[in-house]
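Scroll down for the structure; my scribbles are underneath it.
Every read-out reported here was derived from the displayed coordinates using simple, explicitly stated rules and does not represent laboratory data. Just so it is clear, the structure is predicted and the values come from calculations on it, not from any experiment. Counting neighbours? That spans all protein chains shown, and the Cβs are built from the backbone with ideal geometry, glycine included.
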Amino acid sequence: MIQGIGASAGIAIGRAFVLPNWEWELPEQKIDVADFAREFERVYEGIRTSKSEIEQIKDELREVVGSEETHIFDAHLAILDDPVFMNEIQGIIQRQYKAAEVAVKEAIDHFVTMFDLLDDEYMKERALDIKDVGNRLLKHLLGAPEITLPSDTQPFILIAKELSPSQLAHINPQHVLGIVTLAGSTTSHSAIMARALGVPLVVGVELSLEEPLQTGQTIIIDGSDGKVFMEPTQQIIEMYSQLHDRQKEEKKKLHNIAGHRPMTPDGKTLELAANISSIKELEIALASGAHGVGLFRTEFLYMDRNRFPREEEQFDVYKGVAEKLAGDTLVIRTLDIGGDKQLDYFELPEEDNPFLGYRAIRISLDRQDLFKTQLRAILRASHYGQVKLMYPLISSVDEVRAANAILEQAKLELEQEDIPYDREIKVGIMIEVPAAVMIADMLAKEVDFFSIGTNDLVQFTLAVDRMNEEISHLYEPFHPALLRMLMMTVDAAKRNGIKIAVCGELAGDLRALPIWLSLDVEELSMSSHSILPVKERLLSTTQDDSREVLRQLQECSTSSEIIEVLTRFMERVDVKTANG
């Protein structure tokens, strides 16, 4: 067994198809000065053909995964239009008298090496985009054929050193059972697309594309745990076949409760909403029985493009989601970039601690032009559904008041332009900074609702960067300090009569359900794949029993003690459910 990183959940069992690496044969001879114009024109023609090809891929892919995921290819188009990329190619041709394909290859290598050396996962992933675009351009300059996948209909598991979005766009999910790549991460474009296509994916696997792995070998991958089995024993095959069948049955059983009201046996209703970043994700969430969207991550509208989205572009997306929800609530979080989310066209300052720096609401209040554009788009969309807006990373009352002042300006402008919007639109904030917890009673007087973002709240409370492998084991979402902070926040919301929701990863953690029930939280918002498992657990868990659990949790002094209490409670609920 080889251990990788699970990037798209699911089990795949089948024959391997090893995708070979491109091996370019480039001309060695120098060119003459008289050939410069011809080589430039060859590059221009290759770019025109590549752009046309990318536009065609976008059109084809839009029907499969939705329009939001196709923004990946806007980044590719932007690279081909980038004057820096073109100047590098032209400079190599003129200075070194090299042919167009050689200049393109050297330009690719230069930028890829430069990006790979950066200690930034986002920029490393952009290196793969440059390589993808460059290989497409080289293919046209060399007249090289496409590397094709098997033409028969026999399903296979694809193995590659790395898989670009362009290659993934041509994959038929009915033929590709799963994917294994030697490189990549869970946040890469390819991983995002694999999840959208529903294809199991394991990345970061340490093996060779030659020996011992060959096309035709039997292979098993587990996209959840990141495990890869080459030539597994019959015992392993039977075990994973049974697990695969059980997962299919469990999914089928869970979908039968998608339409059930999310209510405990003793009458407590807990709304289950979805965290989304695109209309395509919304479709998946609705199929999973989500009641509204508790967190629409708008930053994905800003990413993988070469400029800020205009008001009309944002309005069209927000309006589309609001209309599709048909009266269910849509909570739109304003732009949350910085930290681990960067924009190619918006140069953020280099910071020693970017998570504690220039990001989220701090950028919005600094760049009020960008902020007001987004607020206008959200306000306009509020005319078409039950829309609420939410500010991220709030740590003071001053920030809320400053943001609301800009919101009032946006409202006044729309009124002057006679553009309709919901004049009673609800405004909320994310509680994800310890300072916000400590002044939650003050903040509650300024807004209509709270949504607890447990991911950052845990990270900031414990001073633990969960992406840092050296200390990630210290990231404890069930730490007693976090439990106290949750209780303080909910209490402040209840005393001031405002709604309280949770939208971090803990919202979808089955173990945490009795905490939310006992605290009388009104809504949980989570990733779509968590909704049905949480609903199933909710239908068999009483609020009264959960309150007794909370009393026990308050006596615990360590994370392990809290987890032990919650695990025992889950086991009791399972036994009770099994016995009818």
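Here is the P(r) of the chain: all C-alpha pair distances, binned every 10 Å from 0, give 3, 15, 24, 26, 19, 9, 3, 1, 0 in whole percents. Entry for the stretch 259-527 at q = 0.10 Å⁻¹: log10 I(q)/I(0) = -0.49, Debye formula applied to identical alpha-carbon scatterers, no solvent contribution. Can you give the local net charge around residue 536? Use residues other than it whose beta-carbon is closer than 10 angstrom to its beta-carbon, Lys and Arg +1, Asp and Glu -1. Residues near residue 536 contribute +2 overall.
What GluC sites (Glu not before Pro) in the stretch 529-580 are in a loop by DSSP, with at most 16 other Cβ atoms within 10 Å of the Cβ? Kindly include the intermediate steps, with their values, before the conclusion.
Details: sites: 536, 548, 555, 561, 564, 571; in loops: 555.
Sites meeting the loop and neighbour criteria: 555.
Computed over neighbours whose Cβ is under 13 Å from that of residue 254, the net charge equals +4, Lys and Arg +1, Asp and Glu -1.
Counting only lysines at least 8 places from residue 30 when in the same chain, those with an alpha carbon closer than 18 Å to its own are 98, 105. Compactness check for the stretch 421-479: Cα Rg over 2.2 N^0.38 Å is 1.43.
Could you pull out the pairs from 252/535; 161/252; 280/319; 252/319; 139/280 whose alpha carbons sit more than 24 Å apart here? Beyond 24 Å between Cα atoms: 161/252; 252/319; 139/280. Between residue 529 and residue 154, the contour length at 0.36 nm per residue exceeds the Cα-Cα span by 132.2 nm. The charge dipole of the chain, taken about its Cα centre with unit charges on the Cβ of Lys, Arg, Asp and Glu (plus for the first two, minus for the last two), comes to roughly 1540 debye. Potential lengthening of the chain between residue 416 and residue 44 amounts to 129.2 nm, from the contour at 0.36 nm per residue minus the alpha-carbon distance. Among the GluC sites (Glu not before Pro) within the stretch 420-527, those in coil by DSSP and having at most 11 neighbouring Cβ atoms inside 10 Å are 424, 469, 470. Working from label points 7 Å from Cα in the Cα-to-Cβ sense, the residue 82 to residue 398 distance is 3.8 nm. Rg ratio for the stretch 261-363: its Cα radius of gyration over 2.2 N^0.38 Å, N being its residue count, equals 1.30.
In this rough spin-label picture, where each label sits 7 Å from Cα along the Cβ direction, the residue 471-residue 348 distance is 1.9 nm. Distance between the modelled labels on residue 214 and residue 441, one decimal in nanometres: 7.4 nm (7 Å Cα→Cβ projection). For the chain, DSSP calls about 30 percent of its internal beta bridges antiparallel. With contacts taken as Cα pairs under 8 Å and at least 6 residues apart, the chain reaches a relative contact order of 14 percent.
For the pairs 58/248; 372/426; 268/499, note any where the Cα-Cα span goes beyond 19 Å.
Numbers: 58/248 31 Å; 372/426 17 Å; 268/499 15 Å.
Going by Cα-Cα distance, 58/248 fall outside the 19 Å limit.
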